[in-house]
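The values are calculated or read from the model by the stated rules, or taken from the named source; none is laboratory data. These numbers were taken from a predicted model, which means no experiment stands behind them. FYI the Cβ positions are ideal-geometry reconstructions off the backbone, even for glycines, and counts take in every protein chain you see. Surface areas here come from the heavy atoms of the whole protein model, side chains and all, with no ligands, DNA or RNA. Shrake-Rupley method; radii C 1.70, N 1.55, O 1.52, S 1.80 Å.
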Amino acid sequence: MARVVAVTGNEASAEALRQINPDVCAAYPITPQTDLMQRFSGFVSDGKVDTEVILVESEHSAMSACIGASAAGGRVVTATSSQGLALMWEMLFIAAGMRLPVVMPLVNRALSAPLNIHGDHSDSMGARDSGWIQLYSENAQEAYDNTIQAFRIAEHMDIRLPVMVCFDGFIISHSIERVEYLEDTEVKNFVGEYKQLYPLLDIDNPKSYGPLILPDLYMEYKRAQHEVMTKVKDVVLDVASEFKKLSKREYGLFEAYRLDDADIALVILSSAAGTAKDVIDEFRGRGIKAGLLKPRLFRPFPYEEVADTLKKVRAISVMDRADSFGGYGPLFMEISSALLHIKERPLLINKIYGLGGRDFLPGHAEMVLNELMEIVETGKFKTIKEYIGVRE
Amino acid sequence: MPLKLKELSKKEDLFTHGHRMCSGCGTPIIIKQVLMASDYPVIASNATGCLEVSSCISLYTAWKIPWIHSAFENAAATIAGVETMYSALKKQGKIDREIKFVAFGGDGGTYDIGLQSLSGAMERGHDMLYICYDNGAYMNTGIQRSSATPFGADTTTSPAGSVVPGKMQQRKNLTKIMAAHDIPYVAQASPAHWQDLIRKVKKAFEIKGPKFMNVISPCNRGWRSRTDDAIELSRLAVDTCYWPLYEVENGITKVTYTPRNKKPIVDFLKPQGRFKHLFSPENEWILKKLQEDIDKEWDELLRASSIEK
Ligand SMILES: Cc1ncc(C[n+]2csc(CCOP(=O)(O)OP(=O)(O)O)c2C)c(N)n1
Ligand code: SF4
């Protein structure tokens, strides 16, 4: 039986970790993640989990210790935000390259400079090419559900890759919401026993991790990494359908909200999708065919499925809560790539919003949807990339 | 019980021939001695550097023990993770064997970029031994100065030129820094004094908690010395007191070898091309300074050693 509670995203995520009871957890504080690991450490101190916690001296060491612990042979977790993820950057590639199924809640936060502790996606977007699987969450419930599913995806024998579970700093991490928790035994049975493929701790069958690979083989390793990524979609869907049986909650590669017959649409990640959905409903109420696509699996990106869902829409605004200076927003680049092969493709514009925790308000969604309507009517648009909600 | 070469030679070589370190390099000798010393199964992590790039390439590995290399600055944090997983699984009753954990790093990966992760791992009290093989420069990237490079040495980033005569900063005294962590065991060793080295490693493996050993490791490429000089040079390093052999056990300092006739530092410098420029008259002051620094450190060490007896 599900337990209904009122909790923050950090609390929900920590609760998922308690129910999973990983073998090792390495942690270093950074706002807005700090509170997650504090809660988890509390479970350790109260004997509610068997986890060995390593309170490291930096995020670089946190990820290094996760790599060692995971290679040693057991379930491993850490969590971070922003500068912490940036400091881990070097090690993110190593965890993925070694095919180590580490799971990491990432409480999204802006990157310095200027210093800002609030939520945007510049941290996770900066790590999108590290070989980690990335799942994004709209609210505390999704943060909780994704954390549980992440272990199954990461540890799947066909995958064995690290997974980042992203959710918005403060907006999700610190706001109290209604969340349905699964029973401890349900979670325990769902994630199952951990099996490591080549544990370092198997003293009788010594293995070497992290060799030097020269030009004669390096490309083969990298292609193999890409090939594994192509299998992730199926696993994500399988895990989601099993999770649905347990929770009655439905997950896919992305959420297609009122998109079936939509003329105009927003593509938007994480918490802002919730706000935008209300506005979409309002437009629908006025007889305007508006819809929304909310990516969940961002790496690997489900190009074909996204293209198939968006191809009949006439105009789309891709909303980015991160920037690529001198380029388009990272989500926009993915959506453009997805639609590239369609002959009669939707018109695409890109809005950068909500950097450093700037509010994304219903008015912003409304403004963008109105602009899309105009684009549909005239077939023309002013600019491709534009900042919204910015002070002039 | 005295260590016998005859007995030790019966043990399996856990770091095999076929590795690709330069011929005459001091490091593989040290690794063999360390692995030979352990009476337990050992798992090692390795920092990026000469040892790592030469010992495990593609499908070939010289390591007959479980081994992990993850990056340059984090051999300590990586093995800390392995050791913690061991504790976790042991607590859960999933593993019951006694296993020892060791990290190997060069001086660059230990004194410089890896100092934070090393210090962190020691402070947290992991049951591990960290071994620095100190060849006094970043050898793998082509002999650049590190904070372990001796004063006056010629390296590719502190070249001896017409204005600057080599590296103009003192060596960092890492062994002292590690002793200041108040961990149960810190030692300095040399492959020429193999009995001393093996005894120290054996002792370290019997102690629970974090241990650190600094081992001098001649590099003929970087030291510009003969390829058959590694053992001779590490002996001269000890006999000149450039590299004193000592240990700090639970805060008690003990010199483990006192040269019968302490040799002048020039005996250690002369055979090495990296110090060639020091033997011209205008650089005499550098030789003098090196000798003074060594004498001071040796005196301090003897004093600490006798006071604490
Ligand atoms: C973060 C990072 N910076 C720089 C390097 C390049 N690098 C690889 S090995 C090395 C020097 C290693 O020197 P040392 O630790 O003294 O070991 P040695 O090669 O002398 O055995 C350097 C600078 C790297 N791999 N990673
Ligand atoms: S360069 Fe020096 S340290 Fe590196 S393998 Fe050769 S001799 Fe050994």
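Some points to look at:
To keep it simple, each residue is scored yes or no on (1) in a helix (DSSP H, G or I); (2) aliphatic (A, V, I, L, M).
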residue	(1), (2)
B:T84	yes, no
B:A88	yes, yes
B:K94	no, no
B:V102	no, yes
B:G109	yes, no
B:Q116	yes, no
B:S119	yes, no
B:E123	yes, no
B:H126	no, no
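- Residue within the stretch A:162-175 that is within 14 Å of chain B (Cβ to nearest Cβ) and either buried (at least 16 other Cβ atoms within 10 Å of the Cβ) or modelled with pLDDT under 95 (or both) present: yes
- Scanning the stretch B:127-139 turns up at least one residue that is away from ligand 2 (no atom under 16 Å from the Cβ), touching a residue at least 24 places away in the same chain (Cβ under 8 Å) and within 13 Å of chain A (Cβ to nearest Cβ).
- Within the stretch B:50-69, being open to solvent by 10 Å² or more (accessible area, probe 1.4 Å) and within 11 Å of ligand 1 (Cβ to nearest atom) holds for B:C50, B:V53, B:S54, B:H69.
- B:Y133 being closer than 22 Å to B:W243 by Cα, in contact with a strand residue (DSSP E or B) (Cβ under 7 Å, 6 or more places away or on another chain) and crowded, with 24+ Cβ neighbours inside 10 Å: yes
- Look at (1) open to solvent by 20 Å² or more (accessible area, probe 1.4 Å); (2) at pLDDT 95 or above; (3) more than 17 Å from the chain's Cα centre (by Cα) and you find that B:I43 fails only one, number (1).
- Breaking point among (1) out of contact with any helix residue (DSSP H, G or I) (no Cβ under 9 Å at 6 or more places or on another chain); (2) open to solvent by 70 Å² or more (accessible area, probe 1.4 Å), for B:K270: (1)
- Selected residue [touching a Lys or Arg at 6+ places or on another chain (Cβ under 9 Å), hydroxyl-bearing (S, T, Y) and more than 8 Å from every other protein chain (Cβ to nearest Cβ)] from B:T27, B:T16: B:T16
- Here B:K100 clears all of (1) within 11 Å of another protein chain (Cβ to nearest Cβ); (2) without any contact (Cβ under 8 Å) to a residue 60 or more places away in the chain; (3) among the charged types (D, E, K, R) except the condition numbered (2).
- When residues in the stretch B:30-49 are screened for being hydroxyl-bearing (S, T, Y) and within 11 Å of ligand 1 (Cβ to nearest atom), 1 of them pass.
- Only residues that are open to solvent by 10 Å² or more (accessible area, probe 1.4 Å) and either in a loop (DSSP other than H, G, I, E, B) or away from every other protein chain (no Cβ under 11 Å) (or both) were counted across the stretch A:50-70, and they come to 3.
- Within the stretch A:71-98, the residues that satisfy the criterion of being within 14 Å of A:H60 (Cβ to Cβ) and facing chain B (nearest Cβ under 9 Å) are A:E90, A:M91, A:I94, A:A95.
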